Amino acid sequence: MNIQQGKFITLEGSEGVGKTTNVDSVCQTLDDLSISYVRTREPGGTPMAETLRENMLAEWDESVNGLTELFIAFAARLQHVQGVIRPALVSGKWVVCDRFTDASYAYQGYGRGLDLEKIAVLEEWVHGDLQPDLTLYLDLDPEVAALRIANRERDRMEQEQMSFFHKVRQGYLARAAADARFRTVDASLPLVDVQRAVCLQVKEFVGFHRQGVS
Ligand code: TMP
């Protein structure tokens, strides 16, 4: 039986949107509110899942099928959900996760063009009864994002064409428009304003939750 007591917060967005810094802001806000949480990421979060992440992002002397990426992401996710996310939530801790299944829809579904219904089958299979309670989507034009990471060393995904990242963005926007758990934050604003917006969203969510349980 799964009696979830903690809340599950995810952050999403393309590379270059400042996701890591904003995960820091979410964690700082929870610290300020004395909420105990586990910070984690996908793909990854367990030793085996981190190795799967390395495989997924590495460059290979062969073309990597989008479906292979999808299976790696969900294999890592299963380890992560079972070994880290679910135990934390059941014990009453919150979970702050840098990416989750929305990334599989955005990157492999919209970006690679895989069938969304097939992704939904894997989602149901791997964590049908577990969904994020709040998803902060950091939205930014991929052309602007690319300029921000121009001097950074790029992994296999980050070397994709600009058209790929436009599709990924369309995917995120479509999902954000369809599900009330999403809050879209304009990541083109100066970083301090983005952090302020993220912090406000988390505070609002915590306030709503505390009201709901009091
Ligand atoms: P990052 O989160 O550190 O930017 O890197 C993770 C990369 O993995 C990023 O390019 C998005 C990609 N990814 C997928 O393609 N599918 C997934 O399901 C997940 C979680 C990530």
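The values are calculated or read from the model by the stated rules, or taken from the named source; none is laboratory data. The structure presented is a predicted model; accordingly, all values stated were derived computationally and were not measured. All Cβ positions, glycine included, derive from the backbone under ideal geometry; neighbour counts span all protein chains shown. All accessible areas refer to the heavy atoms of the entire protein, side chains included, with ligands and DNA or RNA removed. Shrake-Rupley method; radii C 1.70, N 1.55, O 1.52, S 1.80 Å.
Extension gain, residue 121 to residue 147, is 5.7 nm, computed as 0.36 nm per intervening residue step minus the present C-alpha separation. Reducing the stretch 150-186 and the stretch 71-110 to their Cα centroids gives an inter-centroid distance of 18 Å.
The residues of the stretch 92-136 present an accessible area of 38 Å² per residue when probed at 1.4 Å with all protein chains retained. Sparse packing (at most 12 other Cβ atoms within 10 Å of the Cβ) combined with a DSSP loop state is found for the following GluC sites (Glu not before Pro) in the stretch 99-205: 153.
Take every pair of alpha-carbon atoms less than 8 Å apart whose residues are at least six positions apart; their mean separation over the length of the stretch 8-210 yields a relative contact order of 33 percent.
Measuring nothing but protein heavy atoms, the accessible surface of the stretch 8-210 at 1.4 Å probe radius is 53 percent carbon and sulfur.
Annotation for the stretch 4-63: GluC sites (Glu not before Pro) lying in DSSP loop with at most 10 further Cβ atoms inside 10 Å of their Cβ are 59, 62.
Full extension of the chain between residue 203 and residue 4 gives 69.6 nm of extra length, using 0.36 nm per residue less the Cα-Cα distance. Which helices, counted as full DSSP H runs in the chain, have an axial Cα extent of no less than 30 Å and a Kyte-Doolittle average of -0.5 or above? Correct list, ordered by number: 191-213.
For the cross-link pairs 93/167; 93/203; 19/118, the ones whose C-alpha atoms lie over 24 Å apart are 93/167; 19/118.
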